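Taking it in order: structure first as structure tokens, then the write-up.
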Amino acid sequence: MVLVHGGISQDVGPVLEMVTEKYLLKYERQWRARLKGIRLFGEIVGALKAGDMRKLGRLTTEDWEEAIQPIIPWVNNAFTEDLINRLRQEFREDYLGFLMLGGMSGGGMAFIVNPAVRNVFKQRAGEIMNDLKAVYRHSYPFIIDPLVYDFAVNHEGITAGLFTGRHANVPDMPPAPAGNITLKTGEGAGEDEIREKYGFDAGSHEHMKAMLKKGEIGLAKNRLPQAVVIEDVPYEDILHFEDEDTSLASAGHRRFHETGMEALKRGEAAVVTFAGGMGSRWTGGAAVVKPVNPFVKMDGRYRTFIEIHLAKSNRTARLSGREIQHVFTTSYLTHDAIAAYLGNFSYFGCAGRIYLSPSKTIGHRVYPMERDLRFHWEEQLHQKIDDNAQKVMDDAHAALIEWAKHRGEGEDYSENKPILRFNPPGHWYEIPNMLKNGVLARMIRDNPGLKYLLCHNIDTLGAYIEPVLLGMHIAGESCITFEVTPRRIEDTGGGLARVDGHIRLIEGLALPREEDEFKLSYYNTLTNWITIDSLLEFFGIDRDILLHGRGHDKIIDAVRGVEKRIPAYVTIKDVKYVWGSGQEDVYPVAQFERLWGDMSGLKDLKAAYVAVSRHRGMQLKEPSLLDMWANDGSFEYVKNRVSF
């Protein structure tokens, strides 16, 4: 047996919750797998008693493939699958089996091999794991380098000895390392370089800090005044495409479909995928680039968020006969990783139409204010816990408050790697960045007929250029058409509302009262359609200014003019701080953000809204949603709209 650790540290909690749910609800396929696992357990014990390692390896492999994974497929990942396949192919008949040891994929694992090749296998397992870490270093939360254990069976158990005389000495201990150790997971720029390269606005940042310290902004101040009236939006006040009637039975849908398809055939539409954030909820604050995380197996192999989005554009291009330009907006956190990923896969054969839009705006995280931490913890919903657990939680909160005070409430966060001291300042900046960095101008030069953009988050896997929706947007002649989806009980936060009579999207953190969200029938997907020329006009510029370098100052002024009209929110985010060999802590930091949905609050901007299906609008924000996404039809919805 060869025992290894892949070096990955992941929160196994969501997986354990899924296992419990499957056990309690007894879904048929998963229950059959569980019964098979119970039968295999008895056979595994028998193989152990008989000392039959070849049989043991066959049984543990069968348990992993046919009992464990059918219950919860998320226990496996691309790192582990690649490791198993490479070792199995290399050692062939000397490879006897695999055993998952409960450390989640990439954690603790064991291989059963022919004793004659054990030492060679150990060496190759270590080499292959380090090779795979290099491949997946941005995709998974590696906390240590992968390692292969040296271990032996202790036949004596725990023993003690009494030493006397000159032998009665405590063994020497290695000296403690001086200072904190930061585990380096990749090359990183220094703080000054990041500020200069990514457009850090020191004056604006100091202004925001001053407002935070004075209490003029903060988590409580994110909310609109109590006097604001929040009402639901009636069904007839928005467009509807929830049923996704692609049979074109209705005359309206048929007309919209024809309009959308004609626009696609003329090359008038492109896709913009927001990929600047790291998805802190996806990995609990670890420095993982979510867009390149191979999170699901589709058509026989693991796929990343980016690959799935490109595969949808490929299918649209095939159906329309016209290539689809596709933009991934990036930030200092994700740009290099996404560029390297696309390069490694030769841009999936469509290099000419993939654009990366690097961020030209960056925020700096600050140590949170005590009042914001207390507000944040009060806002979180907790299960009833016993007094001891409550005391532990209270002590942890008190320690974090003292940490923030000691470091300086509202001062720049100065710990950790420089790259983790900054933050993307919210998705409001993603489209303005395309004006400032020249990407939209380059797209128009490449395709002068470009008129419309479909914009969506990286984790909205169901979003794609649906001709009916494109036709609705064109017919409505709106600057922006926002997609919403019927609200479900698990959708917490804001949505589509009448705010003092004006229909707009409102963020959950801006609602005056917690109960206001329960009035709202539609949830914001953040997917939206933009008419390029209308948006340029709203910003006070046009294509001529955009396409000529001498208009850059006008573009900057235009963006700042609209930016001042968009509210700035204070949010609390968790950041992992790796300080030793495998040791990590999670700290809360505050950051300032502006959000694109608040464009709908500007009454002089023409906006429309269309309700779409849940499958199209669902966002995979955290691993706990994976099982629902895989089983409620959303997975099949996406699978039917891709072309790899």
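The values are calculated or read from the model by the stated rules, or taken from the named source; none is laboratory data. What you see is a predicted model; the values in this text were computed from it and never measured. All Cβ positions, glycine included, derive from the backbone under ideal geometry; neighbour counts span all protein chains shown. These area figures cover heavy atoms from the full protein model, side chains too; ligands, DNA and RNA do not enter into them. Shrake-Rupley method; radii C 1.70, N 1.55, O 1.52, S 1.80 Å.
Quick notes
- Neighbour net charge for PHE256 - beta-carbon separation under 13 angstrom, K R +1, D E -1: -3
- Computed P(r) (all Cα pairs; region 358-411; 5 Å bins; percent): 4, 17, 20, 20, 14, 10, 8, 4, 2, 1
- Region 313-460 - percent relative contact order, Cα under 8 Å, separation 6 or more: 29 percent
- Using a cutoff of 8 angstrom between alpha carbon atoms and counting only pairs six or more residues apart, the relative contact order for the chain works out to 18 percent.
- Here the Debye sum runs over all C-alpha atoms of region 23-169 as equal scatterers in vacuum, and log10 of I(q)/I(0) at q = 0.11, 0.18, 0.19 Å⁻¹ comes out as -0.54, -1.14, -1.22.
- The aspartates and glutamates within cross-link reach of LYS451, meaning a Cα-to-Cα straight distance under 20 Å and a gap of 8 or more places when in the same chain, are GLU258, GLU262, GLU268, GLU323, GLU430, GLU466, GLU477, GLU483, ASP533, GLU537, ASP542, ASP544.
- Amide H partners (placed H, <5 Å) of VAL113, local residues excluded: VAL2, LEU96
- Each part reduced to its alpha carbon centroid, region 38-60 and region 483-499 end up 52 Å apart.
- Legend: residue pairs LYS133/LYS417; LYS564/LYS606; LYS290/LYS564; LYS290/LYS576, Cα-Cα distance threshold 22 Å; pairs beyond threshold, LYS290/LYS564.
- Taking amide H as placed 1.01 Å from N in the peptide plane, the amide H of TYR355 sits under 5 Å from that of HIS326, VAL327, PHE328, each at least 5 places away or on another chain.
- Kirkwood radius, the chain, all distinct C-alpha pairs, inverse of mean reciprocal distance: 27.3 Å.
- Seen from a random direction on average, the alpha-carbon convex hull of region 416-562 projects onto 12.1 square nanometres.
- Sequence-distant lysines (8 or more away, or on other chains) whose Cα lies within less than 28 Å of LYS26: LYS36, LYS297, LYS384, LYS621, LYS639
- Accessible area of region 1-61 belonging to carbon and sulfur atoms, whole % at 1.4 Å probe: 60 percent
- Environment charge at GLU268 (Cβ cut-off 13 Å; Lys +1, Arg +1, Asp -1, Glu -1): +1
- On the beta carbon distance between ALA220 and ASP544, with R0 = 41 Å, the FRET formula returns roughly 0.35.
- Per-residue ellipticity at 222 nm, computed for the chain from helices alone with -39500 (n - 2.57) per DSSP H run of at least four residues, works out to -11500 deg cm²/dmol.
- Radius 15 Å from Cβ of ARG88, net charge of other residues (Lys, Arg +1; Asp, Glu -1): -2
- Using a probe of 1.4 angstrom and keeping all protein chains present, the accessible surface of the chain works out to 47 square angstrom per residue.
- Extension gain (nm, one decimal) between LEU162 and GLU584, 0.36 nm per residue minus Cα-Cα: 148.2 nm
- Rounded, prolate or oblate (a/c below 1.5 giving rounded, otherwise prolate when a/b exceeds b/c) for region 502-542 by Cα gyration tensor: prolate
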